[in-house]
Ligand SMILES: [Cu+2]
């Protein structure tokens, strides 16, 4: 390793950023969000990743209409940061019975 000091500095920055904001992945399919409930901290991000083929894609929407993803094709993902504490119910627009929940502490 030619530059051990600068490497350590980069690693320090990476771990500091990790401590500030997490990014949690939720898989989205026709029938389920996996996991169905995630608990995160204020300022953390949830990345919704569509794992299943769906004509027109899968669209993640909040039940209260405050946010919506674009339609996601298979293996596409969309990230949303949660800046305020609360419980956010989401569903798949194309499958209103497919529901999930994000709890922001
Ligand atoms: Cu579907």
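Rule-based calculations on the coordinates, nothing more; no lab input. Since this is a predicted model, take the numbers as computed values, not measurements. Ideal geometry is used to build each Cβ from the backbone, glycine not excepted, and the neighbour counts take in all protein chains shown.
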Calculate, for residue 42 and residue 94, the FRET efficiency according to 1/(1 + (r/R0)^6) with r their C-beta to C-beta distance and R0 35 Å; round to the nearest 0.05.
0.75
Residue 66 to residue 31: extension gain in nm, 0.36 nm per residue of separation minus the Cα-Cα distance?
10.4 nm
67, 48 arranged by Cβ crowding within 10 Å, fewest neighbours leading
67, 48
Starting from the exponent 0.38 and prefactor 2.2 Å, build the expected Rg for the stretch 21-104 from its residue count and divide its actual Cα Rg by it.
0.98
